[in-house]
Amino acid sequence: CSSSISISISTVNLLRTGFKGYIGASDNPLLVVNSSNGLLLLYSSTPAPCYEVYNPTTSDKVSVRLSYNYETFATWYMVFGFAFDPYSTHPSFTIVDIADTGARKFRVYSYYSLRSYWRTPYHRVPSYVRDDYALSGRSTFYKGALHWLLEPSGVVSFDVRANTISFSLINILDDEKYLDDDGLCICVKMMRDAGLNSYGYCSCRYLGVS
């Protein structure tokens, strides 16, 4: 990681911490949610739900308080996105959470570090997407956008600067190895059949590392 990473997170509540002791503290367990260009996105549930953006090279971290309780508002799926762009004029990070809200709508929670507040617009699912759709997997940051797998076969993209979202129905390489006759990922279908929300963590397919 370059020095620009430290600069990028210095504008929002910068703290110094030893990562090993910090993440191992029994009173504050952290979950590694995602990573992007050398930074880690961690989730902490105590004392209040928040994200931690952590630089393992410099041991810098930033706390980002959540504006919602993710455990209560998702009805079918939820995915988490994280993008860090160290090469922009003003290096910054973006956190994005997407969850369905029923009635073919979904909500996008996005936090941009240079703006330091959450945006929470609603969106409608395009008519060409099936009713039993879901987003799946960890996000991949590529060419200014975060990407997730769309069940059945496709990709959903969120432009982190324009705050726009798009759905693409495409055939993903080797999908036939993992999809059932209805086009749903086998592991996600097993979780649904067991009465569990998928919450976006497909164990079979992955778009790539960002």
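For segment 37-157, the Cβ-based charge dipole about the Cα centre amounts to some 320 debye (Lys, Arg positive; Asp, Glu negative; other atoms uncharged). The alpha carbons of segment 52-170 give a radius of gyration and a Dmax of 14.7, 47 Å, in that order.
Readers should treat all values here as calculations from the given coordinates under stated rules, not as data from a laboratory. Keep in mind that this is a model prediction, so the values were computed, not measured. Note: ideal-geometry Cβ built from the backbone for every residue, glycine included; neighbour counts use all protein chains shown.
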